[in-house]
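See below for the structure under consideration.
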Amino acid sequence: MSAESTDDPEPAAQPADGLAERDRAVLALERRSWPGPGAKERAIRERLGISPTRYYQLLNALLDDPLALAHDPVTVNRLRRRRDAKRARR
């Protein structure tokens, strides 16, 4: 028998870091800068097919997800700082 095992192949749809494709797309959109009001919301609807409200719900959950932090630490930490500062002003 060979050293390779075909009994437990890694699923092709599962990224190596374990983060879902939609979550990766949310972080990618958040990494960008936007030229003006409405452009980001339009991109959310066109690229992800979800409402901006749902997008921000997903994004907020990602900020507490260790897989998201491992995937994109710069973006996640930047957004965590913004969220924490906003909470502190309340």
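Some notes on this structure:
- Taking the stretch 21-70 as the range and being open to solvent by 70 Å² or more (accessible area, probe 1.4 Å) and part of a loop (DSSP other than H, G, I, E, B) as the test, the residues that pass are Arg32, Ser33, Pro35, Pro37, Asp64.
- Complete set of residues in the stretch 71-90 that are basic (Lys, Arg) and assigned to a helix (DSSP H, G or I): Arg78, Arg80, Arg81, Arg82, Arg83, Lys86, Arg87, Arg89
- Every pair of residues 6+ apart whose Cβ atoms lie under 7 Å, when the first sits in the stretch 26-43 and is within 23 Å of Ala68 (Cβ to Cβ) while the second is of a type in the set (Gly, Ala, Ser) and assigned to a helix (DSSP H, G or I): Leu27/Ala68; Leu29/Ala43
The values are calculated or read from the model by the stated rules, or taken from the named source; none is laboratory data. Just so it is clear, the structure is predicted and the values come from calculations on it, not from any experiment. We place every Cβ from the backbone using ideal geometry, glycine too, and count neighbours over all the protein chains shown. Protein only, heavy atoms only, side chains kept; ligands, DNA and RNA dropped before computing areas. Shrake-Rupley method; radii C 1.70, N 1.55, O 1.52, S 1.80 Å.
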